[in-house]
Amino acid sequence: MNTSRPLGRAATVAAVLAGSLALAVPALAHVEVESETARALAVNATITFTAEAESTTAGLARFQVVLPEGITAADVVLAEAPQGWTFAATADGYTVGGPALAPGKDAVHKVTVRQLPDAGELVFKTLETYSDGEIVRWIELPQGGAEPQHPAPVLRLAAAAPGAAPLSPSASASPASPSASASSASPSSPAPAAPSPTTGVTASVAPAASSTGDDSSPAVPIAVGAAVVAALAVVGAWWRRRRQVPGR
């Protein structure tokens, strides 16, 4: 019996399987998202993001997550992350990152969402950055049923629990309003002087003048006039006496 042919076929099958597994490895290195409370309108739901490291020379260092409609950055807080990593809100989501992990080490972080929206699935487009500056964009959505090369993480939600209702919108931090700034000032503090419309220089407010010794008082010119009249009378009398002296 010739056994070389079956052995050759077995070797071929093994080679094909090995090649298929090798091609499948990159496809498994996705950013995955999951939650134990994956239900529409769930409150204080913790979502876990797991990023599988692809590089053997650089470590994962930062993630930028775009939040789906119905979730704002004010609704999200960091629940868990690698040591030294910090969380920051952005205009369309958040970033989390810090010291790079060891090459080949997966990155896991968790966030708690105030309330999940009433939807069937949530798409979290994610950009991951490695310590060497390489950025991998997990933002693609399936087209025509085909699995994209870099699919965006998708969290599928069960229907909302009976009686669940949307919470009121969360209050986001905003700069202090003018009224708040005014109320924080001391009541005894004087209001600042307004700039002059012509010079733009702020004029100081002088204290009210006392009536005592005020040069603008009408008694001053009267007293001065009386003194002048008296002086003229004295000079006139002296002049008349001088003219009456004999020999002058």
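Whole-Hz Karplus values for segment 46-58 come out as 8, 10, 10, 10, 10, 10, 7, 5, 10, 8, 9, 10, 9 Hz, taken residue by residue from phi with 6.51 cos²θ - 1.76 cosθ + 1.60 and θ = phi - 60°; glycine and proline positions read x. Less than 5 angstrom separates the built amide H of residue 122 from those of 155, 156, 157, all sequence-distant by 5 or more or on a different chain.
The alpha-carbon positions of segment 26-156 define a convex hull whose volume is 103 Å³ per residue.
Close amide H partners of residue 67, meaning residues 5 or more places away or on another chain with modelled amide H under 5 Å apart, are 93, 94. Electrostatic tally near residue 70: other residues with Cβ closer than 12 Å to its Cβ, Lys and Arg +1, Asp and Glu -1, net -3. Annotation: the residues 47, 139, 71, sorted from fewest to most other C-beta atoms within 10 Å of their own C-beta, follow the order 139, 71, 47.
Based on C-alpha pairs under 8 angstrom that are at least 6 apart in sequence, segment 26-156 has a relative contact order of 32 percent.
Laboratory data are not the source of any read-out in this text; all were calculated from the coordinates shown. All values derive from a computational prediction rather than experimental measurement. Cβ atoms come from the backbone with ideal geometry, glycine included; neighbour counts cover every protein chain shown.
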